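None of the figures in this text is laboratory data; all of them are computed from the coordinates on show. Just so we're clear, the structure is a prediction, and the values are computed from it rather than from any experiment. Reconstructed Cβ throughout: ideal geometry from the backbone, glycine too, with neighbour counts over all protein chains shown.
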Amino acid sequence: MELYDYLLWVVIWFMGAVYGWYARERHSKRIVDKFMEQVDSAVTEKYSENTIKIFIEQVKGVYYIYNKENNDFMGQGSTREEVEKVLAERFPNKKFMADTSNLKEMGF
């Protein structure tokens, strides 16, 4: 065999190794993505049962809390602590989620 044959085998082996590495990465990414979708749906399902999405509005120093999905009034208070207390009393064992932009706007 000549040097050309050895060089050809090295190039073929190298290309095979690169392709194999790339294929392994794609396969691993698909497996991780599928797993994360399952985890995400399980977490969303678990927390959606005990979570209420809210919207906060401030008028003349009083915070008004509304259910974001159906705009039902949920409570009011003049401070964050007061609002948290009212919501905890009216909706025990529930968690509340508000958009980050809404919380920043209200100063929470």
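Some notes on this structure:
- The chain: most fluctuating residue of S28, S48, S78 per GNM, C-alpha cutoff 10 Å: S28
- GluC sites (Glu not before Pro), loop per DSSP, at most 10 other Cβ atoms within 10 Å - longest free stretch of the chain: 3-68
- Directionally averaged projected area (the chain, Cα convex hull): 11.4 nm².
- Amide H contacts of T51 (H built 1.01 Å from N, under 5 Å, at least 5 apart or other chain): K95
- 3J(HN,Hα) from dihedral phi, segment 49-56, Karplus parametrisation 6.51/-1.76/1.60, rounded to Hz, x for glycine, proline: 5, 10, 10, 10, 7, 10, 10, 10
- Amide H contacts under 5 Å for A98, placed H, 5+ residues apart: I54
- Using θ = phi - 60° in the Karplus curve 6.51 cos²θ - 1.76 cosθ + 1.60, the 3J(HN,Hα) couplings for segment 2-11 round to 9, 4, 4, 5, 4, 4, 4, 5, 5, 5 Hz; x is entered for Gly and Pro.
- Taking each DSSP H run with n ≥ 4 as -39500 (n - 2.57) and averaging over every residue of the chain yields -21500 deg cm²/dmol at 222 nm.
- Links that overshoot a 24 Å alpha carbon limit, given the list K60/K85; K29/K104; K60/K94; K29/K53; K53/K104: K29/K104; K60/K94; K29/K53
- Bridging of K34 to lysines at a Cα separation below 24 Å is possible for K46, once same-chain residues fewer than 8 apart are set aside.
- For the pair M36 and N102, the difference between a 0.36 nm per residue extended length and the Cα-Cα distance amounts to 21.0 nm.
- Trypsin sites (Lys or Arg not before Pro) within segment 11-108, DSSP loop, no more than 11 other Cβ atoms inside 10 Å: K60
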